[in-house]
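The values are calculated or read from the model by the stated rules, or taken from the named source; none is laboratory data. Bear in mind the structure is a predicted one, so any value in this text is a computation, not a measurement. Using ideal geometry, Cβ is built from the backbone for each residue, glycine included, and neighbour counts are taken over all protein chains shown. Just so you know, the surface numbers come from the protein's heavy atoms only, side chains and all, with ligands and any DNA or RNA stripped out. Shrake-Rupley method; radii C 1.70, N 1.55, O 1.52, S 1.80 Å.
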Amino acid sequence: MITVRPATLDDVEGVRAIGHRTWPVAYAELATPEFIEDGLARYWSAGAIEWGIRNGITLVAVDTGSTELVGMAGLGQEDGFWVMWKLYVLPGYQAGGVGKALLDGAIEALPAGTDQLLLNVLVGNEKAIGFYRRHGFREPERTPARELGDHQCWMGLDLDRT
């Protein structure tokens, strides 16, 4: 069984392990080895994970049979928008509902009154784009001012949380 809970500082190494096990697989055919190496150093360092836990919303999915962390989601704010920066599930647990459980948990964790959840994704990452589209994400009408360039795009989910 999988449970989703808020991450604590005790989870930093487990969350880092998720990144280091998922990024090389997720981006192997989409990005250069340098992109993957730089991303792991920048976004999956202990300091980056700790900062996300302290300053945003970080959730972990736990396999209760083994207590292993098998997925994570990380959210924060940019220009007043809530953005999901990360949603990663270990390869052996993909397509089993863990990603959906993390997404549902992320939406539930957002502050009351949040009307939209954004994310950015690599344009060629059809597996991720398909997952997000199946769960209601579309091209958003409003986004932060940051330009993503040609390799990434914004996706948004309108939230009816009344």
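Considering only Phe131, Gly97, Pro111, and ranking their Cα positions along the charge dipole of the chain that arises from unit charges at the beta-carbon of Lys, Arg, Asp and Glu, the one farthest toward the positive end is Gly97. Computed from backbone phi with θ = phi - 60° and the Karplus coefficients 6.51, -1.76 and 1.60, the 3J(HN,Hα) list for region 17-28 is 4, 4, x, 6, 8, 9, 4, x, 6, 5, 10, 3 Hz; x is used for glycine and proline.
To the nearest 0.05, how large is the calculated FRET efficiency for Asp104 and Thr32 if R₀ is 30 Å and r is the Cβ-Cβ distance?
Working: r = 33 Å, r/R0 = 1.11.
My answer for the efficiency is 0.35.
What ranking of Trp154, Trp44, Trp51 comes out by heavy-atom accessible area, probe 1.4 Å, highest first? The partial results should precede the final answer.
Numbers: Trp154 35, Trp44 0, Trp51 165 Å².
Result of the area sort, largest leading: Trp51, Trp154, Trp44.
Here the calculated FRET efficiency for Arg21 and Gln77, from their Cβ-Cβ distance with R0 = 35 Å, stands at 0.80, rounded to the nearest 0.05.
Assuming charge only on the beta carbon of Lys and Arg (+1) and of Asp and Glu (-1), the dipole of region 2-158 about its Cα centre is about 260 debye to the nearest 20. Across Lys86, Lys127, Lys100, mean-square fluctuation computed from a Gaussian network of the chain (C-alpha pairs under 10 Å connected) peaks at Lys127. Solvent exposure of the chain, expressed per residue, is 55 Å² of accessible area, with all protein chains present and a 1.4 angstrom probe.
The relative contact order of the chain, computed from alpha carbon pairs under 8 Å that lie at least 6 residues apart in sequence, is 21 percent.
Based solely on its DSSP helices, what 222 nm [θ] is calculated for the chain when runs of n ≥ 4 H residues each add -39,500 (n - 2.57) and the sum is averaged over all residues, nearest 500 deg cm²/dmol? Don't jump to the answer; show the numbers that get you there.
Values: 5 runs with 57 residues, N = 162.
Result for the chain: -11000 deg cm²/dmol, rounded to the nearest 500.
Remark: region 118-127, residue by residue, has Karplus-estimated 3J(HN,Hα) of 10, 8, 10, 9, 5, 4, x, 7, 5, 5 Hz, where x stands for each Gly or Pro and the curve is 6.51 cos²θ - 1.76 cosθ + 1.60 at θ = phi - 60°.
When you count, for each residue, the other Cβ atoms within 10 Å and take the mean per peptide, how do 136-142, 77-83 rank with the highest first?
On the way: 136-142: 13.1, 77-83: 15.3.
Descending packing order for the listed peptides: 77-83, 136-142.
Computed over Cα pairs, the Kirkwood radius of the chain leads via Stokes-Einstein (0.692 mPa s, 37 °C) to a diffusion coefficient of 204 µm² per second.
Near Val70, the amide H atoms lying under 5 Å from its own belong to Ala61, Val62, Asp63; only residues 5 or more places off or on other chains count, and H is placed 1.01 Å from N.
Antiparallel DSSP bridges in region 63-141: what percent, to the nearest 5? All intermediate terms of the calculation are to be shown ahead of the outcome.
Details: 9 of 12 bridges.
Restricted to region 63-141, the bridges split so that about 75 percent are antiparallel.
Rounded to the nearest percent, how much of the accessible area of region 2-158 (1.4 Å probe, protein heavy atoms only) is carbon and sulfur? About 51 percent, which is the carbon plus sulfur part of the accessible surface.
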